[in-house]
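The values are calculated or read from the model by the stated rules, or taken from the named source; none is laboratory data. Here the structure is a predicted model, which is why all the values come from computation and not from measurement. Cβ placement follows ideal geometry from the backbone for every residue including glycine, while neighbour counts extend to all protein chains displayed. Side chains included, ligands, DNA and RNA excluded: accessible areas come from the protein's heavy atoms. Shrake-Rupley method; radii C 1.70, N 1.55, O 1.52, S 1.80 Å.
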Amino acid sequence: MGDTAVMINIQSLIDDAKCFETVRALRWPGGVLCPSCNDTEITKQGRDDTQPERQRYLCTSCERRFDDLTDTIFAGHHQPLRVWILCLYFMGLTLSNQHIAAELDLHPSDVHQMTCQLRQGIVVKKTTPTLSDEVECDEVYSVAGHKGQPEAVVKKGDTAGADDSRASAAGAHSQRRSRRSSG
Ligand SMILES: [Zn+2]
């Protein structure tokens, strides 16, 4: 492969600032929230020492310090954020793990681990899952499929094991609501 064509390295075309912007939009669609107390009284605290696009914050309510990646599956991972974002994009195109691995020059087993984590949502699951986690998981799918094949993404989501629990959780939620409204 690549003998007769110019090889384009997609990673070199991806902007780090846009990747961090994407994470912020995915996890905080309504603005930055403290991951500890969910307060919106947040002040910016400069940028990460080694990743200049990674914004640091201080919660003025509980005084927790955090940044764009705190409590996400990207935090503390050796893969650069752009690799994760591209992985998410390729998932939206319904590429196989093998295909994604080839595109990103990764081992298929690493990609398998990454796609499994991404399907669970980008925010690390706490012991008691909240509704916002579910919403973020859906956001991941809609964004990833935006420029690809939305129908295929939906179809893939339906067959994924993680979606069964999500669907049943949503079903339980609506049942609770309908019961409450009827009673
Ligand atoms: Zn806080």
Seminar exercise, completed: Distribution output for the range 55-120: share of Cα-Cα pairs per 10 Å bin in percent, first bin at 0, values 20, 45, 20, 12, 3
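What does the charge count near residue 76 come to, summing +1 for each Lys or Arg and -1 for each Asp or Glu among other residues with Cβ under 14 Å from its Cβ? Working shown, then result.
On the way: positive: 54; negative: 48, 67, 68, 71.
Spelling it out: positives minus negatives among the neighbours equals -3.
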For this session: Enter the accessible area of residue 96 (Å², nearest 10), with the probe set to 1.4 Å and all protein chains included.
Result: 60 Å²
Problem set entry | Accessible area, probe 1.4 Å, largest first, for residues 21, 63 | 63, 21
Exercise. What figure in square angstrom, to the nearest 10, would you give for the accessible area of residue 14 with a 1.4 Å probe?
Worked result: 50 Å²
Exercise. Taking every pair of alpha-carbon atoms in the range 13-56, what share in percent sits in each 10 Å bin, from 0 to the bin with the longest distance?
Worked result: 25, 53, 20, 2
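Sorting 57, 89 by accessible area (1.4 Å probe), largest first, what list results? Provide the component values of the computation, followed by the final result.
Working: 57 5, 89 90 Å².
From most accessible down to least: 89, 57.
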For this session: Enter the accessible area of residue 15 (Å², nearest 10), with the probe set to 1.4 Å and all protein chains included.
Result: 80 Å²
Problem set entry | Extension reserve of the residue 37-residue 113 stretch, reckoned as 0.36 nm per residue once the Cα distance is removed | 24.4 nm
